[in-house]
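Engineer: Attaching a single structure in structure tokens format; questions to follow.
The values are calculated or read from the model by the stated rules, or taken from the named source; none is laboratory data. Here the structure is a predicted model, which is why all the values come from computation and not from measurement. For neighbour counting, all protein chains shown are included, and Cβ atoms are generated from backbone atoms with ideal geometry for every residue, glycine included. Note: areas computed on protein heavy atoms with side chains; ligands, DNA, RNA excluded. Shrake-Rupley method; radii C 1.70, N 1.55, O 1.52, S 1.80 Å.
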Amino acid sequence: MTKSILITDANIVNEGKITRGDVFIKDGLIYSVGGDLKEFEADITIDAEGKYLLPGLIDDQVHFREPGLTHKAEIYTEAKAAVAGGITSFMEMPNTVPQSTTLELLEEKYKIASEKSLANYSFYLGATNDNLDEILKADPEEICGIKVFQGSSTGNMLVDNQETLENIFEKCKMLIATHSENDDIIKANMDKYLEEYGEDIPVKYHPKIRSAEACYDASKRVVDLARKHGTKLHILHISTAKEVSLFDNTIPLKEKRITAEACVHHLWFTEADYDEKGTLIKWNPAVKTVEDRDEILKGVLDDRIDVIATDHAPHTLEEKDNVYTKAPSGGPLVQHNLVALLEMYHQGKISLEQIVQKTSHNVAILFEIEKRGYIRPGYFADLVLVDLNDPWEVKKDNILSKCGWAPFEGHTFKSKVSHTIVSGHLAYENGTFHEEKTGKRLKFSRK
């Protein structure tokens, strides 16, 4: 049985405002939210004076590498890193080994998560050039969405047949999430730099190879397809200023058919960081210019971009420590996503209310997740408590992802996660994990 929890004297950040009060949790659910709830007797009491209570983050894009790539990461290790970072629910991508392109293979992942994941979970079904029948069999209330790779990335699940894309966008009634980069443009750029440098291309040319043009062209193509067929389209990891112009902020999120995600690394790093970080910040799509970064943040703040996620994608340091053409793209981010966003709050770039809107409320709205993403009575108790003034440095010995490194290594963050509650279970407390309960499968209220 899940223990009851009383959180007292918290600064509660929820639904566009900050209020001081208590939260009582019973049977895994938020039972009451109010000014003074000390009349409730709880198994666990957490004194939150001076701290801020947020809805747990819902990360709509992670790669936890299981099955098949568990030398890099596992659902068990990465879910723990996520929980330590305040992420209480994740949606994981299909480019594992084998690729999750059938419902049977997808259910195998759900089984692993049910046994090993400290966080709540859902998994995307991967699209290929020939699995439309499988896509159409999927239950929209049971899985988060369909993933379409327009650009080849880790695992190469490229959907490059135009007729197939048309069919998926016309017939699929579920949310389609896309990795949008034009492979032909990337290949032409790559050939040019290979001719000049051979295999050892300076990493700073990554955003020239996987260029703004390649991103915009692919994003525009799927936006046009979605408009043509009325598809529910969600474009992941926007990395260019030009792409932001494709999205609308004149209608409520609930009514949007075309939405967009920004990732924390595209809000933080720029091409100026390649000299110091090298392949550690090699991502697909690439980190680009200061202007791109600033326009993405502007899009987040003015609601053209709807959610913030991580695209957490670990590789080993041995794999990363390679010449440009051999070093894989991606890096671990779940543990440091929230504290990086809180750093941006300290810098005056984004408010606490906006962080909550983009990492919890909006993800729940966009994916139509049942009873999560808010601090409301009757909702699952997915909560994170943060101290905005408890500085700590990211070091090898406090990195929790299995790969053992982080792009933020050496950075001192001002804020720290002290407690994370997952579906009413106190899963993380001041550096200690309580692993006697696993997270729950996300359910979706879709007609």
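Engineer: Under a 5 Å amide H to amide H cut-off, with H placed in plane at 1.01 Å, what residues pair with Ala309 once short-range neighbours are removed?
Structural biologist: Ala262, Cys263, Val264
Engineer: From the phi of every residue in the range 383-395, what ³J(HN,Hα) in whole Hz does the Karplus formula 6.51 cos²θ - 1.76 cosθ + 1.60 yield, where θ is phi - 60° and glycine or proline is x?
Structural biologist: Per-residue couplings from phi come out as 9, 9, 10, 10, 9, 6, 9, 9, x, 8, 9, 6, 10 Hz.
Engineer: Something else about it: From the list (1) 26.1, 106; (2) 20.8, 73; (3) 21.8, 72, can you say which value of Rg and Dmax of the Cα atoms in Å was derived from the structure given?
Structural biologist: Read-out from the structure maps to (2).
Engineer: Let me ask something else. For the range 187-219, which GluC sites (Glu not before Pro) are both in a DSSP coil and crowded by at most 12 other Cβ atoms within 10 Å?
Structural biologist: Counting only loop positions with at most 12 other Cβ atoms within 10 Å, the GluC sites (Glu not before Pro) in the range 187-219 are Glu199.
Engineer: Okay, next question. Looking at Ser445, Phe149, Ala313, which one has the Cα that reaches farthest to the positive end of the dipole of the chain (charges on Cβ: Lys, Arg +1; Asp, Glu -1)?
Structural biologist: Of the listed residues, the answer is Ser445.
Engineer: Next question, about the same structure. Report the antiparallel proportion of the DSSP beta bridges in the chain as a percent, rounded to a multiple of 5.
Structural biologist: 50 percent
Engineer: Assuming 1.306 mPa s and 10 °C, estimate D for the range 133-280 with Stokes-Einstein, Rh taken as the Kirkwood radius over Cα pairs, in µm²/s.
Structural biologist: Translational D for this selection: 95 µm²/s.
Engineer: Now for a separate question. Place a +1 charge on the Cβ of each Lys and Arg in the range 276-345 and a -1 charge on the Cβ of each Asp and Glu, then give the dipole magnitude about the Cα centre in debye, rounded to the nearest 20. Provide the component values of the computation, followed by the final result.
Structural biologist: Values: 8 positive and 13 negative charges, 48 e Å.
Computed charge dipole of the range 276-345: roughly 220 debye.
Engineer: Compare the peptides 110-117, 245-252 by average per-residue count of other Cβ atoms within 10 angstrom and give them in order, highest first.
Structural biologist: Top of the packing list down: 110-117, 245-252.
Engineer: Would you work out the charge dipole size for the chain about its Cα centre, treating the Cβ of every Lys and Arg as +1 and the Cβ of every Asp and Glu as -1, and quote it to the nearest 20 debye?
Structural biologist: Roughly 700 debye for the chain.
Engineer: Which is farthest toward the positive dipole end of the chain among Met190, Thr289, Thr101, measuring Cα position about the Cα centre, with Cβ charges +1 (Lys, Arg) and -1 (Asp, Glu)?
Structural biologist: Thr101
Engineer: While we're looking at this one, here's another question. Per residue of the range 370-375, what does 6.51 cos²θ - 1.76 cosθ + 1.60 with θ = phi - 60° give for ³J(HN,Hα)? Whole Hz please, x for Gly and Pro, Karplus curve as stated.
Structural biologist: So the Karplus estimates, Gly and Pro as x, are 6, 6, 9, x, 9, 9 Hz.
Engineer: May I ask you to list the aspartates and glutamates whose Cα is less than 19 Å away from that of Lys192, ignoring any residue fewer than eight positions away on the same chain?
Structural biologist: By straight Cα distance, Lys192 reaches Glu181, Asp183, Asp184, Asp200, Glu213.
Engineer: Kindly work out what percent of the DSSP beta bridges joining two residues of the range 78-234 are antiparallel, to the nearest 5.
Structural biologist: 0 percent
Engineer: Still on this structure: Using modelled amide H (1.01 Å from N, peptide plane; none on Pro or chain starts), what sits under 5 Å from the amide H of Ile12, excluding residues fewer than 5 places away?
Structural biologist: Amide H neighbours of Ile12, under 5 Å, 5+ apart: Thr19, Arg20, Gly21, Leu53.
Engineer: Something else about it: With a point put 7 Å past each Cα toward its Cβ, work out how far Arg257 is from Lys220 in nm, to one decimal.
Structural biologist: Here the modelled spin labels are 2.1 nm apart.
Engineer: Kindly flag which residue pairs out of Lys111/Lys402; Lys358/Lys414; Lys171/Lys440; Lys111/Lys228; Lys242/Lys282 have an alpha-carbon separation exceeding 32 Å in this structure.
Structural biologist: Correct reply: Lys111/Lys228.
Engineer: Calculate what fraction, in whole %, of the accessible area of the range 68-136 sits on carbon and sulfur atoms when a 1.4 Å probe is rolled over the protein chains.
Structural biologist: 52 percent
Engineer: Name the residue, out of Leu426, Leu165, Leu194, whose mean-square fluctuation peaks in a Gaussian network model built on the chain with Cα pairs under 10 Å.
Structural biologist: Largest GNM mean-square fluctuation: Leu194.
Engineer: Over the range 359-447, average the accessible area per residue using a 1.4 Å probe and give it in Å², no decimals.
Structural biologist: 39 Å²
Engineer: Among Cys215, Leu267, Tyr374, flag the residue with its Cα farthest along the positive direction of the charge dipole of the chain, charges on Cβ as +1 for Lys/Arg and -1 for Asp/Glu.
Structural biologist: Checking the options against the dipole of the chain, the answer is Tyr374.
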